[in-house]
Every structure is written in C-alpha cells, then in structure tokens.
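One structure is given here, and the rest of the page talks about it.
The values are calculated or read from the model by the stated rules, or taken from the named source; none is laboratory data. All values reported here derive from a predicted model rather than from experimental measurement. Please note: Cβ atoms are built from the backbone with ideal geometry, for glycine as well, and neighbour counts cover all protein chains shown. Calculation scope for accessible area: heavy atoms of the full protein, side chains included, ligands and nucleic acids excluded. Shrake-Rupley method; radii C 1.70, N 1.55, O 1.52, S 1.80 Å.
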Amino acid sequence: MGCIQSFRQCCDQPKNTNVRISLPAVCFVWQLAMIILFGFFIRYNAESDVHWKQENKNISRSDIENDFYFRYPSFQDVHVMIFVGFGFLMTFLKRYSFGAVGFNLLIAAFGLQWALLMQGWFHSLDPMDGKIKIGVESMINADFCVASCLIAYGAVLGKVSPVQLMVMTLFGVTLYAVEEYIILNLIHARDAGGSMVIHTFGAYYGLSISWMLYRPNLDKRLNGSVYHSDVFAMIGTLFLWMFWPSFNSAISYHGDGQHRAAINTYLSLAATVLTTVAISMLTNICWCWFCLVHIQNSTLAGGVAVGTAAEFMLMPYGSLIVGFCCGIISTLGYIYLTPFMEKYLKIQDTCGIHNLHAMPGVIGGIVGAITAAAASEGVYGKEGLKTVFDFTGKWENMLPTQQGGHQAAGLCVALCFGIGGGILVGCVLRLPIWGDAPDDHCFDDELYWEVPEDEESIPPILEYDNHIRNQAG
Amino acid sequence: MGCIQSFRQCCDQPKNTNVRISLPAVCFVWQLAMIILFGFFIRYNAESDVHWKQENKNISRSDIENDFYFRYPSFQDVHVMIFVGFGFLMTFLKRYSFGAVGFNLLIAAFGLQWALLMQGWFHSLDPMDGKIKIGVESMINADFCVASCLIAYGAVLGKVSPVQLMVMTLFGVTLYAVEEYIILNLIHARDAGGSMVIHTFGAYYGLSISWMLYRPNLDKRLNGSVYHSDVFAMIGTLFLWMFWPSFNSAISYHGDGQHRAAINTYLSLAATVLTTVAISMLTNICWCWFCLVHIQNSTLAGGVAVGTAAEFMLMPYGSLIVGFCCGIISTLGYIYLTPFMEKYLKIQDTCGIHNLHAMPGVIGGIVGAITAAAASEGVYGKEGLKTVFDFTGKWENMLPTQQGGHQAAGLCVALCFGIGGGILVGCVLRLPIWGDAPDDHCFDDELYWEVPEDEESIPPILEYDNHIRNQAG
Amino acid sequence: MGCIQSFRQCCDQPKNTNVRISLPAVCFVWQLAMIILFGFFIRYNAESDVHWKQENKNISRSDIENDFYFRYPSFQDVHVMIFVGFGFLMTFLKRYSFGAVGFNLLIAAFGLQWALLMQGWFHSLDPMDGKIKIGVESMINADFCVASCLIAYGAVLGKVSPVQLMVMTLFGVTLYAVEEYIILNLIHARDAGGSMVIHTFGAYYGLSISWMLYRPNLDKRLNGSVYHSDVFAMIGTLFLWMFWPSFNSAISYHGDGQHRAAINTYLSLAATVLTTVAISMLTNICWCWFCLVHIQNSTLAGGVAVGTAAEFMLMPYGSLIVGFCCGIISTLGYIYLTPFMEKYLKIQDTCGIHNLHAMPGVIGGIVGAITAAAASEGVYGKEGLKTVFDFTGKWENMLPTQQGGHQAAGLCVALCFGIGGGILVGCVLRLPIWGDAPDDHCFDDELYWEVPEDEESIPPILEYDNHIRNQAG
C-alpha cells in the first residue's frame, strides 16, 4: 500500500511540458538502435533478393509470380489507411489537427521499424543464418502492428505528449508481437483482418492507458470540432472505408482467399452505413439531425467486425448481417456508452475507439469463432478446409468445431493482453517525466507546435487593384 | 387534366422537413430486404469460391491468373472515385459539405447493394441454381451503376432530402440495370467506360428530376463557395482526374484492352486541361481571371468523352482531339448554357452536370459510334475485331459499320431512359411527403446535420503560457 | 556589356500582369501542336496494341504478363504523387491554394504530353517506321519528367505567372529529356528513382530560375500559412510519403527489382521522420515546439536520397542510414540554409526545394555511386550484377567500380543541366512580357483567380428554425 501511495505522490507532482530534450533524445537513440539492430538482423527475403531472378529462370517461373505483384497494391492501400486514414480521422478536433496528423506519422514511422524486428524474431527468423528475412508481406504486417498502436492513440488523443506516444508505441508493438505469436502460432487461430489481434488488442490497450491517465479536471473547451475540421476528418473516414477491403484481404492466401476477403468486407461496410445513419437519426430524439461523428466512425465498424471471418465462406448475406448489427451497436455506443464510460468508469475516450474498434473487434472474434465452428466439408471441400484453416503439419487432424474453440481462445488472449498491457504501460506513463499537457491545455496544438497566426484580413492594395481593373475594363 | 391539377395541388402543400421517422425506416427496411434478397440470390463466383484453388491445381494454373489480380487495383481506384471523387467534388458549397460527403456515402452504400442484385439478375444469373455469382467485376459494375446515381445527385445537390435521394437511387439503379442490359446485351453496343450507359443516362436522369423539382423561389445565398470549400472540392477533382484511366479500363478485356483504355484516357484528360484553362480565361471578358469552377469540373470532361472508345484503336492523337474539343464545349457550357437552362428551361443544375457529364457523355457516344464504324481489318486484324467488338456467337457476322449503327442506337436508348425515367421519378419525388428543404433552407447543412459552432476565439491562458515561456527562455 | 545592360533595361520595365490573351493563346497553340505531333509520331506499343492478344495465343503466354499488370498500380501511385502530392504540398500558403493546385495541374497536363514526345524521340523511336511506341512505362516516365518541372515550380511558387510556368515547363521537359538520355544511355548510369535525373536536375533548375528572377522588394505578408492551409499541405505530404516506394520502384526491373526498391524506400522514409522530428525540436532553441514546415517537407527527403540506389542491394540498414542522415540535413537546411540563401545568394526558394530535393538528390547520387562501386559478385552473383547494372551489350565488361564512376559522372551532368538550363531559361523569363505578379501581389490568388468572398455570417432564419424546433420538441 505504501508503495502505491508513494507512486501516486510521485505521479501527482506538477507537470512539466518540456519535451525539448527528451523527445529528440528518444528519436535519435531509438533510431540509432534500429539501425544497429537492422544491421545485425534484417536482410531481404528470397523474393526481394537479387538472386530471385536467376532462380526464376532455372525453374521457368514467370516474374509476375513474385509475391510483390500479389500483395503490393493491397500494401499501398493499407499504407494509406495507416497514414491518411488514421491520421485524418483524428483531425476532427478544432485545434489538434497538427498533432493528429503529425504525431500519427511519427509513431507510425517508428512503430513499423520496431514491428519489423519484433515480428521478425517471432515469425520469420531464418534458422540457417539467424537473420530476419523481409518482403512485402512483412511490410504489411508491420503496418498492421502499427495500426493497433494508432487505435490506442485514438483513446488518448490530445492528452499525451509525443514522448509518451513513443513509449506507448514501443510497448504496444512489443506486446502485439507476443500476442500475435500466441494467437496465430501457438493457439492456431486465424485472423486475416485482425479483428482480434489488431482491433480488440489495440482498443483495450488504449482504453486501459486512458483509464490509468484519467484526468478528473480535463478542460473540454477544445474537445470539439469546427466545420472544416469535420470535413478533414471525413477524408480519413473515406480512405479507411474505401480501402478496408484491401486491409482484410492483404495477407489472406493467394487467389480466392484475397478475392473473397475483399468481397465480404465491401458488403459488410455497405450495410453498416445504412444502419449507422438510421440509428444516428432515430436517437437524436428532439431534432431530426444526424451527428457527423457517427458517420465518421460507426460506418467503419463493419470492416472491423468482418476481419477475422473475411477469408472464410461467410457468404455475402452473412457479411451484410455482420455489418447491419455493427452499425447499430457502434452508433448506440457513441450515444450511450461513451458518456457512461467517462462518467462511471473514468475512461476518457477522445475518439470513441471503444465503439469503433473494441466492440466490433470482439464481435469480429465471435463471428470468426462461429463461422469456423460451423465450417463443413460440404461448403469448403476437404482441400478447402485445409487451405482456409491451415490444417497442416501438427494441426492436420483439427476439426472445424475445435477451430471455433481456438478462435474463441484467441479472442480472450487479445483481451487480456490489451487490458493487462495497457494497465502496466499506463503506470509507466503516469510518471511525471514525460512532458504531457496540463489539464487546461489538452487538445491544443499550441503546446507542441508552432501554430500560424489566424487568417488576418489583408487590406486589398486598392491602387493596384483599380489599376488592373481599369486596364482590363 | 384534372388528374394533373390535383397532382399539382397535392405537391404544393406546405413542406415538412421532418425525416426523423421516414429515413431510419427506409434505411432499416431496405437494408433488411437486401439481406433477405442476398440470402436467396447471391453467392461467390468461381474465382472467389474456396474450390478455386483446388481446381487451379488440377489444371496447373497459377494463382495470379485469378481475375482479382487483373482488376482489383482498378476496382480500388474506381472505389476512390465514387466515394472521395464524387463526394468531395460536391463539397464546394460553403455550407453543404457534410451533406455532399455524407449523403454521397449513404446513397452509394445502398446503391451498390441494390446494383449487385439488379445487375446480377440481368447479367450473371447462373441458370443451374438460379443464383447470382459475384466477384471483383461485379463490384466494379456495382460501383459504375452507383456512379450514375451520384451524377444525378449533382443536379439536385442541396435541394432534396436524404429520403428523396434514397428513392432516386432505388429507381436510378433499377433503370440503369435495364438500360444497360438493353444497350450492352440486346443492342450489342460496346461501352467500356460508360459514356452512354453511365454518364449520359445519369446526367439526363438527374437533369429531368431537377426540372420536375424546379423551385422558382430558390434562395441562392448559400449557393456559392468559400475559399477552403473550393480547395476541398479540388481533392474530389484531382482524385477523379487521376483515376479516370482506371475507370475506363476497369472492365475492358484483359491485356492490351485495359492497357490501351488507360493510355487513351490519360491523354484525353491531359488535353482537356489545356483547353479548359484557355476558354476559362478567354471568356472572362473583363478580367484576366480563371474561374475555379471550370478547373474543378471541365477538366474531367475528356475522361467522360473517351469512355466508349477507350478500348478501341482510337490512336493517341484521337484521344487528344476528343479531350481538346470537350474542354472547350464543357467550359462554354458552364459559362453560357447553365444560366440559360436555369432561366429558360427551368432546370436548376447545382453542380453543372450537364456540362461535365451530359454533353461529354453524348460526345463520347458519338465518338464511339464513329470509331467503331471506321474500324477496319487493316488496323485491328481479323482476331482483333472479334476481341474488341465481341463479334462472337450470334453477332459473328457483324460488320464494323453495323456496329457503328448499334452504338448510335445505344446512345439513343441511354438518352430516352435518362429523360423518361427522370421525369417519372421526378413526379414521385414532388409528392410532399419526402421532407425536402424549403426554398430558403436549401444548400444548408443545418437542416439535417448537427453543425458545430463556429470557431470561437479561445483566449490564451496567459499565466500558463508565460510560465512555459519563462521556463524555456 | 552593353548587351547585358540593355537586357536589364528591357527587363526592368513596369510589369503587366495581363495574361488574358497570352495564356489562352499558349494553351491552344501548344495543344494543337501536340495533336499534330502525336498524329505524326505516337502509336501504341506492342503491349497496348490490339494484335498483342493474338500474338499471345501463338506463344501461349498468359494475359497477366502484359507489362500493364507489372506497372499500372505503381503508375497510379506516381500519378497521385504528381497531382495530389505536389499540388497539395504547395497549398500551405494562406492565399495561394488555387494557384498551387490549379497551375500544378495545368503544367503537369501539358508537360506529360511534351514529355511523351521528347522522351520518345530519345528512347523509344521505332527505327522500322519512325514512330514512338508508348505504353504504361512511357506514362510513368512522362510523369517522372513532369515531376522535375513541378519541383522547379516549388522554388518560384507565387512569384510567376501561368505563362511563365508553361514556358518553364516546355524548356524543363526538353532539358530533362536530353539530360536523361545522356545520363542513362550515354554515360550508362542507373537511376531507378531519379535522385539525379529528376530531383537534382529539377531542384537546381528551379533554384537557378528563382535566382534569375530575384525580387529584392518582395512583399512577404502573404508568404505564410494559416491553420487550415497547413492541414491541406499535410495531405500532399502524406500522399508523397506513402507512395514514394511506388515512385522508386515504378520502373525498376520486374520481380525482385521492384520488390527491393519498394522495401528500401519504405525504410528510408521511416527513418527520416524520426530525425526530422528530433532536429526540428532541438533547433527551436527557445521553445519546445515543432515546426510543421519540417514535417511537411523534410520527412520526404529520405525517399529522394534513396532513389538511385533503391534497386541496388543497399540492405535494409543501409536504407535506414540514408534516411537518418537526410532527415538531419534537410531539416537543418530549412533552419539555416534557406534564410542564408535568400540573404546572401539572392535565391528566394518559396517551398524550400533546396532542402527537400536538391541536397537529398545529390546525396542520393553519391549513395548510388558508392553502392554501385561497392557491389561485389559475392553479394549480387554474376547474373545479378548483369541484371541490376545492365552490364549487357557494349557494357558487358564493365566493373562495379567503373559503374561507380559513371554514376558520379551522371550526377555532375544533372547538376550542370539544372544550373545551366535554369540560368538560360531564367533569362528568358525575365523579359517583361509574361504577365508575372508585381512584388506586392505575389503569393496572392486574387491576381489570377476569381476568389469567392469570405465566409459571411448568414443570419439564421429565425421563424423557420423555431418552427422546426417547436414541431420536433
């Protein structure tokens, strides 16, 4: 008890927002560490190595069968989601657009390097030479990993310093890599679009951190949007919405796997839009108005929830049903749950990630478990089951019903890692050394950015203007 | 006459802008209907079904030959055009950006589901099991179909309620599917980029509806742009402009067909930009100023007009000529025709779709007819004619000159469906039950959206600011 | 001397900003010239010609092996960089967004047509029929060529008229084609991502022009940003940042070449972000603030600098090192070099292209030379060296060390063409006939554009609002 007491006292010291030394130090040192670790561990894989072409000729394989051509278009779409999608989705705050887009870029750029290492150690360490071999699939996986940290950023948007964000990303990526290894390799759950691995984990990680960093006296004057910042946020929404089919299909297996994952996601997202609009208007009891926040966020819930099951034979109507339910649940979450969580659970969730990622992620895990358990040889065929669920090697004798159980176990692991990891990292972030904003300067770019002065009204240079007008007239 | 009289009276009742019940009802019921119809009718096609991989092994075909890899990158580009392109192109109004982007998303999300069904019934119903089989090409076609409804939305932007838009989309998609079936299958016209099927039909559909919904007392104070809303609209313009080569090549035949369609569109669009700029400045007689509206819209006309002929051997200079002419005609349309149409024809065309889609679409149809009629075995080769114009089956003995006639017939069908369908649907939409805006609240987001308050000036918290300044200094 | 004297006098006559006749004339005449030249010279290449499919059947080659499927996704990414990336990056000025995006579109649309011709004459003239054969690779190369002119535009942004821009583009593309031919074909340097050919040349071309057009009395009131214009500029930054891997890999050789180029660029850019952030904060000595200008620009330097070596075996850690250094150098450039250049060298560089393109481009050339010289058969294999450095034909007996020398020679040629060409073209542009802005109207859209009035506050129509409120309540 005394220990907790003294930790509290330590944390409640007056805040110092100065990150002038700490942030550059963190950036430099960590980037140097990355260079050294990359030097020791990371090499090109067979398909990006210069010997590929030669080998190709030997086995008379076409150049187009390089994995690059299977996955690079999807990779670029995922990349846009990470940087423009997540970045601009968070620009809705009236005075935090620089922080939203800028810090998003910073932590994603760091996170993807660290993710290449962490995921490499767990997944693609070559036993022959002890090196990690990277290719286009590694880049997609690194972007996925970063996505979970950016989701977490959504919960604490405007309330943390860039140094805290870097720390959060460092630990987030580490936890992600471990959790992903446990879920995908040890438990052998399937999760093509990352409903569990990315969204459930990322959202609960962020929410737990936000709970640890609860600010009872938060100044909310700047926690709102203006007209144009809302339109900027729609850029983020739309790029996420449009490219989600690429997200869910990016690392599915070649051919029909990617094809089916894209179709399922496309349909699920379409259904979500209609129910989001319906609920948004229905629940604005007094006025017949939409709330743009719902359109900005809840319309995306269908993409999250269809992630795990995207490459399964979910059937087109199944995707629509998933989207239908998620639009309802997510919008209701924004209306009822977010205020409740803030008031009673002391969780301040700036972007409402609980409604956009946490709940739909859990739904996605459950849908995946059910779809897997219900898989039958009639629908998939013997070979199909093997391909889709990867019933090979030591998992050769798995049954779909067992697979359903493993999926459910995977979901629990994601939840535990998210909540547990978030609480631990939250403890670290409460230390008063990270330069986070005081309560009355949250959601304000002026704290960390050189913000241009407001649009002054420039008096027209009358003589000159008259001059051209006369000349032209 | 008495019937029309009473219809008029019925329509001229005072308006009720309340869509609190009707919109959620429409969204829920229609989405439920979609789920049920998808359950009965829609299944994965062979290339997105789990059995594809197995079958692949049997005939030793590479995974990369899945249609997904031929078309998915183009699909994503088209998808961006539909949601960001059309959505942001309409944000130019100073106070209708939420409506432009939000309703665009709503009707596109509904329209694409309904399009999958309607187009499926006409084109890809499997006679074996009575199911519609969908794949990536179906998704592109659904997006195309939605495009025609979004074009129509451009004419009535800011003057209709979301319920009216949903009704307009329901009928628009239905008419589109029928018209497309007649033009492509019965008449056997070719229309890769949809100059006739999408643009001519969509634009005249929208213009006819706008004519039926003519508002003599329209309040135009909000029918204009502000500086930043114009920049937002340029996002839409640019994404349409850049991805138009993908639009026109998305469903061309594999290989040289897609390749050629992309080149032709690329060139045509480039030429359009130069003539648009020239005409825009020439016709601003008094001042040497450009009008951004022309840059936002007319620069795209070349892409529309090259649609039908994009996969033909139009030749690079042919594409440039098409673009050259369209830039001139479209810009002149904005300057002279739009005011004329509003004053004398009672057609209020908010976005000027007559100049961007209708005229270039008709030109595209004519160019297609001429290019087809002029096709010779010398240029195409015997096999080439067969491939490009699909002279197979019962059309085996077609001659290029005949094909030219069929193309012209197709154009007429598109026009008839557009105008006729628009007038009918316009009648329905004049009923006073749809909750459209009164004349003095058009072009105003406040009617349907919760609009954030204007950027208040937040007084800097002086003590704190001085604190950090002192600390740092 | 007398000659120079009279040239000066001629240039110092009072300016006439009227481009009412000259710009339309230039656009029309040049576009007509393009049509005629395209008619004489440009045809589809084998892969976009209608006979490809037939030939395909003969040699039983799959449709997917059309170059279109290897390069089109990258082409579209490059296209986005040219139009949205460069266009929006320059919207940061508070009152020059229309000019940034609009003129960018204009000169790119002209430049790409002229580039197809110029590059075609040098590279792909078919000796059989004297025609230039174009395909998807030609389109990428044309976009690349245009990129160099848009980089040059960055230096003179806001200070030149659209007619001057057209002239600058005409000469820029011409010089580029010659320089590219010398560097790639005569000197046989490799430059996949164009560090030398595109960035070094383009930047020094623009800087030299800016030096020739030095304005001692430039009015800087409008040479700054406002909050939302900075957010718009971030759209440009992010699309450039995200798609740079496609830029550097777009014309690399099929298979592992494109794959490796993408990976190297991805890593280099990530490292740049961290050092940019670190330096940006470290050097703001008094305040702990970031400058968004650095984030907007310097984060991209890593992509420029890795261009030449992207397809070499640079190794992942090598890419990180390049990015690490470039972030530092580029950011320091913005802080110390740009003011120095303006004050002492009389070079007014609006967008700071010296820091974003010139220095990183030169670094890229040097890195390329070193990497090439250090290439060994141990790393590349005998075949690999041949493929990567194209040691075929008359270059069969080249050694990597020699290649390093050739790379360095290529860099010198790019520098000479940039500086020399820029000075010559600058002389032409100083003539007082081009309608450029007077010193006190630079950076102002009002000079060439019809700018909408500022957002007036529209009084709510109270009666009506109360009406719905009562109705709903």
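With respect to the conditions (1) within 13 Å of another protein chain (Cβ to nearest Cβ); (2) under 17 Å from C:T308 (Cβ atoms), C:Q403 falls short on a single one, namely (1). The C-beta contact set for region A:124-137 (first residue surrounded by 14 or more Cβ atoms within 10 Å (Cβ to Cβ), second residue among the small types (G, A, S), distance under 6 angstrom, 6+ apart or interchain) comprises A:I132/A:G120; A:I132/A:S124; A:K133/A:S124; A:G135/A:S48. The combined condition, being among the basic types (K, R), under 25 Å from the mean Cα position of the chain (by Cα) and more than 7 Å from chain B (Cβ to nearest Cβ), is not fulfilled by C:R61.
Once region A:333-356 is narrowed to residues that are buried (at least 24 other Cβ atoms within 10 Å of the Cβ) and hydrophobic (A, V, I, L, M, F, W, C), the residue that is nearest to A:V160 (Cα to Cα) is A:C351.
Going through (1) at the interface with chain C (Cβ under 7 Å from one of its Cβ atoms); (2) surrounded by fewer than 24 Cβ atoms within 10 Å (Cβ to Cβ); (3) part of a helix (DSSP H, G or I) one by one, B:G224 falls short only on (3). For C:C325, are the conditions met, namely being within 30 Å of C:G378 (Cβ to Cβ) and without any contact (Cβ under 8 Å) to a residue 60 or more places away in the chain? Taking the combined requirement at face value, the residue satisfies it. Kindly provide the set of residues from region A:283-323 that are touching a Ser or Thr at 6+ places or on another chain (Cβ under 6 Å) and more than 28 Å from A:I251 (Cβ to Cβ), ordered by number. Of everything in region A:283-323, those that are touching a Ser or Thr at 6+ places or on another chain (Cβ under 6 Å) and more than 28 Å from A:I251 (Cβ to Cβ) turn out to be A:F290, A:C291, A:H294. Counted as qualifying within region C:305-383 are the helices (runs of 4 or more DSSP H) with 1 or more residues that are under 20 Å from C:S195 (Cα atoms) and out of contact with any strand residue (DSSP E or B) (no Cβ under 7 Å at 6 or more places or on another chain), namely C:316-332, C:359-373. Exactly one residue among C:N56, C:N18 is modelled with pLDDT under 85, open to solvent by less than 50 Å² (accessible area, probe 1.4 Å), in a helix (DSSP H, G or I) and within 11 Å of another protein chain (Cβ to nearest Cβ), and that residue is C:N56. For region B:345-361, does any single residue satisfy the condition of being within 13 Å of chain C (Cβ to nearest Cβ) and modelled with pLDDT under 90? No, the conditions are met nowhere in region B:345-361. Which residue, of B:I140, B:I107, is touching a Lys or Arg at 6+ places or on another chain (Cβ under 8 Å) and open to solvent by less than 10 Å² (accessible area, probe 1.4 Å)? Matching residue, one of B:I140, B:I107: B:I140. Whenever a residue of region A:174-194 is assigned to a helix (DSSP H, G or I), it has no partner that is open to solvent by less than 10 Å² (accessible area, probe 1.4 Å) and charged (D, E, K, R) lying with C-beta atoms less than 9 angstrom away and at least six residues away or across chains. Here is the figure for region A:159-173: residues that are in contact with a helix residue (DSSP H, G or I) (Cβ under 6 Å, 6 or more places away or on another chain) and open to solvent by 10 Å² or more (accessible area, probe 1.4 Å) total 1.
Restricted to region C:240-258, and to residues there that are within 7 Å of chain A (Cβ to nearest Cβ) and farther than 18 Å from C:G323 by Cα, the residue that is surrounded by the fewest Cβ atoms within 10 Å (Cβ to Cβ) is C:H254.
Would it be correct to say that B:I295 is among the β-branched types (V, I, T), within 9 Å of chain C (Cβ to nearest Cβ) and touching a Gly at 6+ places or on another chain (Cβ under 7 Å)? Yes: the conditions hold for B:I295. The residues of region B:59-70 that are surrounded by fewer than 18 Cβ atoms within 10 Å (Cβ to Cβ) and modelled with pLDDT of 90 or more amount to a single one, B:D67. Scanning region B:312-323 for residues that are within 23 Å of the chain's Cα centre (by Cα) and either farther than 22 Å from B:S280 by Cα or surrounded by fewer than 23 Cβ atoms within 10 Å (Cβ to Cβ) (or both) yields a single hit, B:F312.
For (1) part of a helix (DSSP H, G or I); (2) under 30 Å from B:F68 (Cα atoms); (3) open to solvent by less than 10 Å² (accessible area, probe 1.4 Å); (4) out of contact with any Ser or Thr (no Cβ under 9 Å at 6 or more places or on another chain), each residue gets a yes or a no:
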site: A:S229; (1), (2), (3), (4): yes, no, yes, no
site: A:R260; (1), (2), (3), (4): yes, yes, yes, no
site: A:N264; (1), (2), (3), (4): yes, yes, yes, no
site: A:L267; (1), (2), (3), (4): yes, yes, yes, no
site: A:M281; (1), (2), (3), (4): yes, no, yes, yes
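Of the residues B:D440, B:D465, B:D436, the single one that is more than 13 Å from chain A (Cβ to nearest Cβ) and either open to solvent by 60 Å² or more (accessible area, probe 1.4 Å) or modelled with pLDDT under 85 (or both) is B:D440. For region C:178-199, the criterion of a residue being open to solvent by 10 Å² or more (accessible area, probe 1.4 Å), acidic (D, E) and closer than 30 Å to C:F443 by Cβ is satisfied by no position.
Within region C:407-423, is even one residue closer than 29 Å to C:F103 by Cα, out of contact with any strand residue (DSSP E or B) (no Cβ under 9 Å at 6 or more places or on another chain), aromatic (F, W, Y) and modelled with pLDDT of 90 or more? Yes, some residue in region C:407-423 is closer than 29 Å to C:F103 by Cα, out of contact with any strand residue (DSSP E or B) (no Cβ under 9 Å at 6 or more places or on another chain), aromatic (F, W, Y) and modelled with pLDDT of 90 or more. Quick check on region A:96-108. Is at least one of its residues within 28 Å of C:F232 (Cβ to Cβ) and more than 10 Å from chain C (Cβ to nearest Cβ)? Yes: region A:96-108 contains one or more residues that are within 28 Å of C:F232 (Cβ to Cβ) and more than 10 Å from chain C (Cβ to nearest Cβ).
If the condition is being more than 16 Å from A:Y380 (Cβ to Cβ), at the interface with another protein chain (Cβ under 7 Å from one of its Cβ atoms) and surrounded by fewer than 18 Cβ atoms within 10 Å (Cβ to Cβ), then region B:31-53 contributes only B:G39.
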